[in-house]
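Readers should treat all values here as calculations from the given coordinates under stated rules, not as data from a laboratory. Only a predicted model underlies this, so the values are computations on that prediction, with no experimental measurement involved. So basically every Cβ, Gly included, is an ideal-geometry build from the backbone, and we count neighbours across all protein chains shown.
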Amino acid sequence: MIKYSENTQSFFQDVYEVVRLIPKGRVTTYGAIAEYLGSRGSSRMVGWAMNVSHGQHPPVPAQRVVNRNGLLTGRHHFETPDAMQHQLEKEGVTVKNNQVQYFDSVFWNPSGELF
DNA sequence: TTCCTGACTCCAG
DNA sequence: CCTGGAGCCAGGA
């Protein structure tokens with residue numbers, strides 16, 4: 001029986017590092033992170049990583065990770081349903097109706113290819 | 001062990 | 001434009 005937990009932990013740690021690299025006032029997507037880590041199609045794992053990221057140190061700014069449409073799909077996993085949006089707005093990101101406004105402008109690609 | 005679910009995304013109809 | 005299915009893979013029952 002192979003211990004996948006070690007790989008998993010590394011993967012999760014990598015996810016956390018990338019998320020912590022997201023500049024304040026910018027956001028990225030689950031898919032972009034997964035692709036950056038060489039696991040294209042494993043965007044759900046990035047979501048799962050966020051799910052268990054609570055209590056991490058340093059803190060993981062999970063509010064900066066949204067789905068490919070700029071929709072705040074993970075907001076229900078915060079302390080309150082509005083916490084995610086509130087934190088983003090506090091950082092200068094405009095959110096309306098759970099949707100990041102000017103998403104193309106605030107999107108940050110982990111690979112640094114786009115800017 | 002098998003089966004189901006999910007903070008996702010892509011593709012076909 | 002909207003809906004459903006498939007791929008993805010770690011956990012929990």
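Extents of chain A, taken as max minus min of Cα coordinates on every principal axis and listed largest first, are 48, 33, 23 Å. Between residue A:9 and residue A:109, the modelled labels are 3.4 nm apart [label points 7 Å from Cα along Cα→Cβ].
Assuming R0 = 25 Å, what is the FRET efficiency of residue A:67 and residue A:90, from their Cβ-Cβ distance, to the nearest 0.05?
Values: r = 21 Å, r/R0 = 0.83.
Given R0 = 25 Å and the Cβ-Cβ separation, E is 0.75.
The distance between label points at residue A:39 and residue A:102 comes to 3.3 nm (points 7 Å beyond Cα on the Cα→Cβ vector). Where only DSSP H runs of four or more residues are counted, chain A gives -11500 deg cm²/dmol as its mean residue ellipticity at 222 nm, each run worth -39500 (n - 2.57).
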